[in-house]
1. What are the residues in the stretch 27-39 that are open to solvent by less than 80 Å² (accessible area, probe 1.4 Å), at pLDDT 70 or above and not polar (S, T, N, Q), if any?
2. In the set Val89, Val67, which member is open to solvent by less than 20 Å² (accessible area, probe 1.4 Å) and hydrophobic (A, V, I, L, M, F, W, C)?
3. I need the full set of residues from the stretch 47-65 which are farther than 17 Å from Ile120 by Cα and part of a loop (DSSP other than H, G, I, E, B), in order please.
4. Pull out all pairs, ordered by first then second residue, where Cβ-Cβ is under 6 Å, the residues are six or more apart or on different chains, the first lies in the stretch 250-269 and is acidic (Asp, Glu), and the second is in a helix (DSSP H, G or I) and open to solvent by 10 Å² or more (accessible area, probe 1.4 Å).
5. Provide a single number: the residues in the stretch 190-223 that are within 35 Å of the chain's Cα centre (by Cα) and either in a loop (DSSP other than H, G, I, E, B) or among the basic types (Lys, Arg) (or both).
6. Modelled with pLDDT under 90, within 19 Å of Tyr178 (Cβ to Cβ) and touching a strand residue (DSSP E or B) at 6+ places or on another chain (Cβ under 6 Å), is that true of Ile291?
7. If the requirement is being assigned to a helix (DSSP H, G or I), touching a Phe, Trp or Tyr at 6+ places or on another chain (Cβ under 9 Å), modelled with pLDDT of 85 or more and crowded, with 20+ Cβ neighbours inside 10 Å, which of these qualifies: Phe119, Phe112?
8. Within the group Gly210, Gly179, Gly169, which residue is without any contact (Cβ under 8 Å) to a residue 24 or more places away in the chain and either open to solvent by less than 80 Å² (accessible area, probe 1.4 Å) or more than 15 Å from Tyr263 (Cβ to Cβ) (or both)?
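The values are calculated or read from the model by the stated rules, or taken from the named source; none is laboratory data. Bear in mind the structure is a predicted one, so any value in this text is a computation, not a measurement. Glycine also receives a Cβ, built like all others from the backbone with ideal geometry; neighbour counts cover every protein chain displayed. Quick note on the areas: whole protein, heavy atoms, side chains included, nothing else; ligands and nucleic acids left out. Shrake-Rupley method; radii C 1.70, N 1.55, O 1.52, S 1.80 Å.
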Amino acid sequence: MLSNNLSKTYLCGGYLRLSKEDDDIAKSETLQSNSIENQKEYIEDYLQSKPEIRVVDFYIDDGYSGVNFDRPDFQRMLQDIKDKKINCVIVKDLSRLGRNYIEVGKYIERLFPFLGVRFIAINDNVDSMKYESGMPGIDVGFRNIINEHHSIDTSVKVKKTLLQRQKAGKYMGARAPYGYLKPDEDVTSLVINPETAPVVRMIFQKYLEGMNITQLARYLNEQKIMSPGQYKREVLKTGVKKTTEKYIWYPVTVRLILMTETYTGTTIGGKWKVATVGSNKHLKTKEEDWIVVEGTHEAIVSKEVFDAVQEKLEL
């Protein structure tokens, strides 16, 4: 339980955050100075001169945007505040708490004071104990606006870099499609996987020869050919954690392969876009806005075969 004398004892939560934008744009100085380890050490060093503050827990959101506050450990911290496990929050600087100035202001100017929470942002020289009202001054609001602008500016830079790579025909998917591999020397390219590419060719061939999608899935299972999920886990050692002992081909998996134009040697980018800065929601773009670059890698099936399959799928 918390001490009733908040002026003497503070049970503190150290909040640490590092965004994907930090990793993409600031590969050198900023990334090093804002690393999770650095933030933690910075807070611990600062608190050596604050005997009235004891750290109860560190809350870590690694890889989360500062614009979106729906972060797992940030939400856990809020719950611990409501459960009276902590009555103090400390961050290295305001931008670690967030980069949406309206939301940041809501927490440090309204919610934290209302709940009796002391808030400290070390580098910005913010400590709510310094303010008679428990709220920071107007200069903090300006810093929050600057932090949000930085997040938007960084997002624009990331999008421009991504667009340039897409126009160059770079493959930006997290994993290679079944039938291909991403070589270590260039993870934005695709090379034929000699073990699985023949399976892809066979699927296209048998579909054109008359097998329907359900029959194809049954045939692949009868031949005991590893499904894409099983192959990723057992051979490539990637993919989601195994949730079942049974890996089988499903008709939907077969259909997806038959509809993937990547197998013709074409790379397609820009199919999805982030709804807003910091959002985890993605929106599908119009087909005319896609970035299509042909001949970026070796084809598994010809364009003629692929087009013939698409016509048959539409029947």
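1. Residue satisfying the conditions is Ile36 alone.
2. Working: Val67 fails: open to solvent by less than 20 Å² (accessible area, probe 1.4 Å).
Just a single option satisfies the conditions, and that option is Val89.
3. The first filter runs over the stretch 47-65 and keeps only residues farther than 17 Å from Ile120 by Cα, leaving 61-65.
Gly63, Tyr64, Ser65 - these are the residues of the stretch 47-65 that are farther than 17 Å from Ile120 by Cα and part of a loop (DSSP other than H, G, I, E, B).
4. From the stretch 250-269, no pairs qualify.
5. 6
6. Numbers: modelled with pLDDT under 90: yes; within 19 Å of Tyr178 (Cβ to Cβ): no; touching a strand residue (DSSP E or B) at 6+ places or on another chain (Cβ under 6 Å): yes.
In short, no.
7. Numbers: Phe119 fails: assigned to a helix (DSSP H, G or I).
Among Phe119, Phe112, only Phe112 is assigned to a helix (DSSP H, G or I), touching a Phe, Trp or Tyr at 6+ places or on another chain (Cβ under 9 Å), modelled with pLDDT of 85 or more and crowded, with 20+ Cβ neighbours inside 10 Å.
8. Details: Gly179 fails: without any contact (Cβ under 8 Å) to a residue 24 or more places away in the chain; Gly169 fails: without any contact (Cβ under 8 Å) to a residue 24 or more places away in the chain.
Going through Gly210, Gly179, Gly169 in turn, just one is without any contact (Cβ under 8 Å) to a residue 24 or more places away in the chain and either open to solvent by less than 80 Å² (accessible area, probe 1.4 Å) or more than 15 Å from Tyr263 (Cβ to Cβ) (or both): Gly210.
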